[in-house]
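First the structure, in the form of structure tokens, and then the observations on it.
The values are calculated or read from the model by the stated rules, or taken from the named source; none is laboratory data. Bear in mind the structure is a predicted one, so any value in this text is a computation, not a measurement. Ideal geometry is used to build each Cβ from the backbone, glycine not excepted, and the neighbour counts take in all protein chains shown. Ligands, DNA and RNA are excluded from the accessible area calculation, which covers all protein heavy atoms including side chains. Shrake-Rupley method; radii C 1.70, N 1.55, O 1.52, S 1.80 Å.
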Amino acid sequence: MTTDTDKPWWRTEFAVETYKTIGIAAFFFLFMPTLLFQPFRIPSSSMEGTLEIGDYLFVSKFTYGYSQYSFPFFTPVAFAGRVMDSPAKRGDVVVFRFPPDPSQDYIKRVIGLPGDRVQMIDGVLHINGEPCKLERIEDRVKVADDGTEFHIPRYMETLPGGTQHVVLDEVSGSQFDNTDEFVVPAGHYFMMGDNRDNSNDSRGAVGFVPEQNLVGRAEVVFFSHDGSAQLWEVWKWPFAIRYSRLLNLIS
């Protein structure tokens with residue numbers, strides 16, 4: 001009979017149990033968080049009004065359940081639909097996979113739910129035949145490199161159900177200010193950016209977004225910088241951070 005005293009130390013029962021404990025701990029600390037939250041960087045201006053270029057945010061992946069796109073680095077088993085499915089709500093800010101090319105992540109706001117009729121008329125969002133309330137608020141001011149100021153009209157938009165958020169009207173009479181009526185099919189969502197004139201969304205190439213393409217809901221900005229400091233310019237970092245945006249909840 002072979003006993004632990006006859007085995008090398010790395011093959012003893014104690015060592016094997018230690019390996020198991022370390023493996024389980026590594027799973028929970030390294031892999032499990034990727035199933036709960038995922039960091040995301042804002043690369044474009046399509047959500048300006050709510051999110052800025054250079055914002056870094058956490059996306060909660062458990063909010064809508066899980067699909068084959070819930071795994072950031074690999075998909076162990078490709079499957080259709082979602083497990084632990086919970087529908088998105090109108091007004092949610094959502095990261096999803098771009099339907100024509102699911103390797104790309106997009107972030108937009110849920111505007112239309114399955115069965116909704118969505119249309120833009122003279123720059124006003126209409127849902128199921130009713131216009132959404134728009135209230136003019138203070139302009140967004142951008143300053144060019146030469147010091148010139150540009151004023152962009154901002155509005156507080158109220159969706160059916162009472163959800164409010166800021167939208168920008170950067171270009172009067174843009175191509176997306178008037179659209180055909182879109183009828184959202186079952187199992188899909190209609191997405192739009194808050195920067196209405198500078199957003200590739202469901203009015204254009206994005207189209208309707210299948211529910212299985214949802215990655216998660218944007219929850220909080222955990223870091224933000226204005227792009228004025230390169231990675232190696234350490235002395236500029238303190239001045240490039242947008243401190244007022246840190247830990248801002250996203251709504």
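Within the same chain, aspartates and glutamates fewer than 8 places from Lys61 are excluded, and of the rest, those with a Cα less than 15 Å from its Cα are Asp85, Asp92, Asp105, Glu211, Glu219. Projected label points at Ser103 and Ile152, each 7 Å from Cα along the beta carbon direction, are separated by 3.0 nanometres. Distance between the modelled labels on Lys142 and Val220, one decimal in nanometres: 3.0 nm (7 Å Cα→Cβ projection).
Compute the signed sum of charges (Lys and Arg +1, Asp and Glu -1) over the other residues within less than 12 Å, Cβ to Cβ, of Ser67.
Numbers: positive: Lys61, Arg82, Arg97; negative: Asp85, Glu211.
Net local charge, Ser67 excluded: +1.
Take the Cα of Gln164, go 7 Å toward its beta carbon, and the backbone nitrogen atoms of the range 119-156 under 14 Å from that spot belong to 133-138, 155-156.
The residues of the range 90-226 expose on average 45 square angstrom of accessible surface per residue, using a 1.4 Å probe on protein heavy atoms.
So for the range 103-178, what percent of the C-alpha to C-alpha distances run longer than 16 Å? Intermediate values should be presented prior to the final figure.
Details: 1729 of 2850 pairs.
Value for the range 103-178 (Cα pairs over 16 Å): 61 percent.
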